[in-house]
Amino acid sequence: MPEPREFLSSWKEISAYLKRTTRTCQRLEIEMGLPVHRLDGSPKARVFAYPDEIDAWLADKARERTRERGGGRRILYYAAAALIVIAAGLVLVKVAGRRGPAREPGSTADARSVAVLPFVDLSPGPASEPVADGLADSIINTLGRVPELRVPGRTSSFWFKGRNVDIREIGRKLSVRTILEGSIQVVGEDLRVAVQLVSAEDGFKIWAKRYDRKTRDILDVEDEIAMSVLEQLKVRLLAGQEKLLRKRPTEDTEAYGLYLKGRYVLGRPAPDAPQRALEFFGAALERDPGFALAHSGAAWAYVNMANQLAAPPLEVFPKAKAALERAMALDPGLPEACALDAAVKFWFDWDWKGAERSFRRALEIKPGDSLTRGWYSWFLVSRRRFAEARTEADRAIALDPLMPLFYAHSMSVRVISGRCEEALAEFARALRIEPNFGYGYVWAGNAYMRMGRLDEARKMLEKSLPLPRSPGSAEAALVACYARKGDRQGAEKLLERLLEDYKKGPISPVYLAWACAAVGRLDEGFEWLATAERYRDSQIPFIHVYAEYLAPEAARDPRFAAFADRLGLPR
């Protein structure tokens, strides 16, 4: 399987690759369509580019230049000459004009890219919204397994649900050339699905079709739509690839419908969502015990419960492992299961080598999976491989640009590696997507604190308190902030409140350890770290990188070095 694509992460790297000045490269983007991408699609956002796309663009310009100069035998001469000129980087400024479809200045759309919008439910009876969402979600997953095609993740595509946004604006925000939209109608056993593929540049229809089938045929409809999109986009599948994409997760359509409902519930931000999703996955498995995706869905629900502290990690992580073992025994190449296997090895087993192998395996199978890349960026942070972590976080955002959580990934990587100004720039982009982004305010507070701007840090952290976030994360940072400002009484008061909150609800013991260390109660802090280790707290993989700026006194203590060494955390 192909490795992750090479990545040029700034105008400086792009201009070095082309051997031209930055100003020239910026002009080539505007005037000639040099394929440069932006992380949030706006003209002022940080840029990146793929060398293979630049090479293809250069070759295309050379062919245009050859056509303009004449035909016959001269074509071969000019083609060869053009290749030499390309190698020297000189052809770039000699091309007189642009060919092909017009591109909006600043467009970041990949040539083979498609966004699958949530399907509209037009059913007259009971709501079939889970089926509509599940259909779109499944098509995203199928197309996302094709390395040659860029498909934005579910969160970004579903961001437009219920919003009246122009197709061209959607294309700009998601950096895609084409958009698939559709509707479903379910009446008894009858199913009607209408879809159309449209150009994101001008809104014109490229292809459309209506499917009148029975509800039991929904898997056939998914396959046919996905294959038609690939055909329209002229994506050639490798040998065996089509068979893999058409592989049925189950032959029981009712079990599949229950699975879709579980995925639908799990994607909703409700405290009881994982437990409710488990009920649907369990019902699907009662119908088809060999349904690997449903086993993987159950594992995903358990992992969510553990990371959200909705249940004790020691209780639910083993259940996640058991579900994953069944899923992978049934389908060893299931990308969802491989990614979750990596997550469990990382957060629960603390099997660093095994986690990396599973992450790499998952990305080999499905390189366009933004969630796996986001998780992998956190793993790399834990391994102190900060440059790689930043690259993976940026790739996750490029794949799913409207997913707020990935901006939190990117912010955390940058704060931990000391790039706080960059973290604040990511925060500004995240707020344009989700103004009440609790995780973003927490990491902005951490960034300001690491920069020594304590008043701004306190303001950001206090803003996060009523917003959804990891319980205790902002409070622990506030204790440290108060202590550094010299307000020992305020820090101690907040710490006592945090300790009381721990008795009432789920708070990571790691956060309590940092708060205790911040006010000089190191012995108590190390007791909380020991509790976190016994509890199998999912924050443990990050203690060494957090301690450096949140609790430097603890990080210098010999006990901390011994603790980190025992767990295999790099120092």
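Calculate the dipole size of the chain relative to its Cα centre from +1 charges on Lys and Arg beta carbons and -1 charges on Asp and Glu beta carbons; express the result in debye to the nearest 20.
Approximately 2180 debye in magnitude.
Sort Leu467, Leu340 by heavy-atom solvent-accessible area, probe 1.4 angstrom, most to least.
Sorted descending by solvent-accessible area, the residues read Leu467, Leu340.
Once the Cα gyration tensor of the stretch 219-265 is found, what semi-axes does its equivalent ellipsoid get, as square roots of 5 times the eigenvalues, in whole Å, sorted largest first?
They are 25, 12, 9 Å, listed largest first.
Just want to confirm a number: the relative contact order over the stretch 344-501, from Cα pairs under 8 angstrom separated by 6+ residues, in percent.
12
What are the principal axis extents of the Cα atoms in the stretch 318-404, in Å, biggest first?
33, 24, 22
If you place +1 on the Cβ of every Lys and Arg and -1 on the Cβ of every Asp and Glu, how big does the dipole about the Cα centre of the stretch 164-234 come out, in debye to the nearest 20?
I would put it at about 200 debye.
For the stretch 221-356, what is Rg from Cα atoms divided by 2.2 N^0.38 Å, rounded to two decimals?
1.14
Relative to the longest principal axis of the C-alpha atoms of the chain, give the angle of the C-alpha long axis of helix 473-484, reported between 0 and 90° and rounded to the nearest 10°.
For 473-484 against the chain, the angle is about 60 degrees.
Any chance you could run the full-extension gain for Asn164 through Leu431? It's 0.36 nm times the residue separation minus the Cα-Cα distance, nm to one decimal.
Extra length from Asn164 to Leu431 when fully extended: 94.1 nm.
Relative to the first principal axis of the alpha-carbon coordinates of the chain, what is the inclination of helix 22-32, with its axis defined by its Cα atoms, in degrees from 0 to 90 and to the nearest 10?
Relative to the chain, helix 22-32 is tipped by roughly 50 degrees.
Leaving ligands, DNA and RNA out of it, work out the accessible area of Ile218 with a 1.4 Å probe and give it in Å² to the nearest 10.
The value for Ile218 is about 20 Å².
Once all Cα-Cα distances of the stretch 164-224 are split into 10 Å bins that start at 0, what whole-number percent is in each one?
Values per bin, smallest distances first: 22, 40, 27, 11.
For helix 352-365, what angle does its Cα long axis make with the longest principal axis of the chain, in degrees from 0 to 90 and rounded to 10?
Helix 352-365 sits at roughly 20 degrees to that axis.
As an exercise, use a Förster radius of 45 Å and the Cβ-Cβ distance of Arg192 and Glu148 to find the FRET efficiency, rounded to the nearest 0.05.
0.90
Students often forget the sequence filter, so: which lysines lie under 30 Å Cα-Cα from Lys247 once same-chain residues fewer than 8 apart are removed?
By straight Cα distance, Lys247 reaches Lys161, Lys205, Lys209, Lys214, Lys234, Lys261, Lys319, Lys321, Lys345, Lys366.
Give me the one-decimal nm value for the distance between modelled label points at Arg360 and Thr531, 7 Å along each residue's Cα-to-Cβ direction.
3.9
Antiparallel as a % of all DSSP beta bridges within the chain, to the nearest 5?
80
What full-extension length gain, to one decimal in nm, is calculated for Thr21 and Trp207 as 0.36 nm per residue of separation minus the Cα-Cα distance?
Taking 0.36 nm per residue and subtracting the Cα distance, the gain is 62.8 nm.
As a test question: what accessible area, to the nearest 10 Å², does Tyr482 have when a 1.4 Å probe is rolled over all protein chains in place?
Looks like 50 Å² after rounding.
Farthest toward the dipole's positive end in the chain, which of Ala561, Gly267, Ile540, given Cβ charges of +1 (Lys, Arg) and -1 (Asp, Glu) about the Cα centre?
So the residue we want is Ala561.
Go through Arg23, Arg469, Arg534 and list them by solvent-accessible area, largest first, probe radius 1.4 Å.
So the residues, ranked largest to smallest area, are Arg23, Arg534, Arg469.
Grab the other residues whose beta carbon is less than 13 angstrom from that of Leu330, score K and R as +1, D and E as -1, and report the net.
Taking every other residue near Leu330 into account, the sum is -1.
Which value at 222 nm does the chain reach when only helices count, each DSSP H run of 4 or more adding -39,500 (n - 2.57), with the total divided by all residues and rounded to the nearest 500 deg cm²/dmol?
Mean residue ellipticity at 222 nm (helix-derived): -18500 deg cm²/dmol.
How large is the convex hull of the C-alpha atoms of the stretch 147-263 per residue, in Å³?
125
Less than 17 Å apart at the alpha-carbon level, and either on another chain or at least 8 residues along: which lysines does that give for Lys503?
Lys493
If R0 is 30 Å, what FRET efficiency do you get for Leu499 and Arg571 from their C-beta distance, rounded to 0.05?
0.60
From the protein chains alone at 1.4 Å, what is the descending order of accessible area for Ile206, Ile14, largest first?
Ranking Ile206, Ile14 by accessible area, largest first, yields Ile206, Ile14.
Treating each Cα of the chain as an identical point scatterer and ignoring solvent, apply the Debye formula and state log10 I(q)/I(0) at q = 0.06, 0.09 Å⁻¹.
Calculated log10 I(q)/I(0) at the listed q: -0.34, -0.75.
Could you state how much accessible area Lys503 has, in square angstrom rounded to the nearest 10, with a 1.4 Å probe and all protein chains kept in place?
Looks like 150 Å² after rounding.
Across 5 Å bins from the origin, how do the percents of Cα pairs in the stretch 346-481 run, short distances first?
2, 12, 19, 21, 20, 14, 8, 4, 1, 0
The values are calculated or read from the model by the stated rules, or taken from the named source; none is laboratory data. None of these values were measured; they are calculated from a predicted model. Cβ sites come from the backbone with ideal geometry, for glycine too, and all protein chains shown count toward neighbours. The protein model used for the area step is the full one, side chains on, heavy atoms only, and it has no ligands, DNA or RNA in it. Shrake-Rupley method; radii C 1.70, N 1.55, O 1.52, S 1.80 Å.
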